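The values are calculated or read from the model by the stated rules, or taken from the named source; none is laboratory data. Since the model is a prediction, treat every value here as computed from it, not as a measurement. FYI the Cβ positions are ideal-geometry reconstructions off the backbone, even for glycines, and counts take in every protein chain you see.
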Amino acid sequence: MNRKVLLTGSTGALGQALAGRLRANPESFTVFAPRRDGGENSVDLRHGDQIARTIERVRPDLILHLAATFSNDFDEAFAVNVAATRHMLEAVEASGQPVRIVLIGSAAEYGAVIADENPIGEDHVLRPVSAYGITKAWQTELAYLHASRGANIVVARIFNLIGPHLSERLFVGRLHMQIAELRRGVRTRIEVGPLSAIRDYLPIDDAVTQLLAVADFGKAGKVYHVASGQPITMRELLIRELAAHGLPESIVVEGAALTNRRGYDVPSIYADIARTVALLKKREFHAEH
């Protein structure tokens, strides 16, 4: 069976990897990946009429909604992370089409986590401390609302990713940018904020595998973590990434003034991935049979 997939956010790091995985299996998936570049298939997700026309034209079996912004500007974050999602869900509901929908959530929804609350389960209270986290939490609430109306919708709540093409607003993306600049000779050191925080990092290819398991086997109205379930300090992560590029730790300058994070920085957060592991086992079983 060939499924038509509407993939938003295809220019981001995860979107590129996901599109590549799906397109490598053309017998099973036909991928439609609209972009905001003004081209023939351009769609501005902030405009409900454009989303509705796209859904009517594509008639997708599966929507993977990855489009988002990390902006700290509240109006922009709301427009992209909340309003665009609302337009999409309302357009699917109005179409009457039987569409499976996967919304991409974020660990930022949890916000102020106390260290001994880890590992965090999907039903943990949401206490976001950033515009991004707040708007992603509202996106999840929209998922619950539409699931209560009968929508076939799940949330894949992503923690932190490792891989190429990540946004420079993220720690790994900013680190990779600095490494590239160091290679070109335009900088002599790596500058980072405090490195004591504990996080949960997952390679992008593994995130794609987990995301597809959520898409195939996740229960409608539920949230599933996309994560490693393994805590790592930012310092350990940095040293590992430097070693992978053949660089010494001695080139690192660490300081509070060098961070790009505004406001409260959660000291420790990592995921309980039991729900997702169960889906991965289902996926393996179906693949073997």
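Would you point out which residue out of Val113, Val125 is assigned to a loop (DSSP other than H, G, I, E, B), of a type in the set (A, V, I, L, M, F, W, C) and surrounded by fewer than 19 Cβ atoms within 10 Å (Cβ to Cβ)?
Values: Val113 fails: surrounded by fewer than 19 Cβ atoms within 10 Å (Cβ to Cβ).
Matching residue, one of Val113, Val125: Val125.
Could you please let me know if Glu90 is of a type in the set (Asp, Glu) and in contact (Cβ under 8 Å) with a residue 24 or more places away in the chain?
It is true that Glu90 is of a type in the set (Asp, Glu) and in contact (Cβ under 8 Å) with a residue 24 or more places away in the chain.
Could you figure out which of (1) outside any helix (DSSP H, G or I); (2) in contact with a His (Cβ under 6 Å, 6 or more places away or on another chain); (3) under 30 Å from Ile239 (Cα atoms); (4) among the hydrophobic types (A, V, I, L, M, F, W, C) isn't true of Val186?
(2)
Taking region 212-244 as the region of interest, how many residues are of a type outside the set (A, V, I, L, M), crowded, with 21+ Cβ neighbours inside 10 Å and farther than 25 Å from Pro194 by Cβ?
Counting residues in region 212-244 that are of a type outside the set (A, V, I, L, M), crowded, with 21+ Cβ neighbours inside 10 Å and farther than 25 Å from Pro194 by Cβ gives 3.
Every residue in region 88-110 that is over 16 Å from Gln139 (Cα atoms) and part of a loop (DSSP other than H, G, I, E, B), please.
Gly96, Gln97, Pro98, Val99
Which residue pairs have Cβ atoms closer than 6 Å, lie 6 or more positions apart in sequence or on different chains, and pair a first residue in region 178-207 that is under 18 Å from Thr259 (Cα atoms) and at pLDDT 95 or above with a second residue that is part of a strand (DSSP E or B) and among the polar types (S, T, N, Q)?
Ile198/Thr233; Ile198/Ser268; Arg199/Asn160
From Ser106, Ser95, Ser148, grab the single residue that is out of contact with any strand residue (DSSP E or B) (no Cβ under 8 Å at 6 or more places or on another chain) and either at pLDDT 95 or above or buried (at least 22 other Cβ atoms within 10 Å of the Cβ) (or both).
Answer to the check: Ser148.
Mind telling me which of the residues Ile179, Ile273 ends up being within 30 Å of Glu122 (Cα to Cα) and surrounded by 14 or more Cβ atoms within 10 Å (Cβ to Cβ)? First the steps, then the outcome.
Working: Ile179 fails: within 30 Å of Glu122 (Cα to Cα).
Matching residue, one of Ile179, Ile273: Ile273.
Being more than 21 Å from Val92 (Cβ to Cβ) and either in contact with a Pro (Cβ under 9 Å, 6 or more places away or on another chain) or of a type in the set (Gly, Ala, Ser) (or both) is true for just one of Ile114, Ile190. Which residue is that?
Ile114
Consider Ile232 carefully, then state whether it is in contact with a strand residue (DSSP E or B) (Cβ under 9 Å, 6 or more places away or on another chain), β-branched (Val, Ile, Thr) and closer than 17 Å to Ile158 by Cα.
Yes.
For region 138-162, which positions are in contact (Cβ under 8 Å) with a residue 24 or more places away in the chain, over 13 Å from the mean Cα position of the chain (by Cα) and assigned to a loop (DSSP other than H, G, I, E, B)?
Arg149, Ala151 - these are the residues of region 138-162 that are in contact (Cβ under 8 Å) with a residue 24 or more places away in the chain, over 13 Å from the mean Cα position of the chain (by Cα) and assigned to a loop (DSSP other than H, G, I, E, B).
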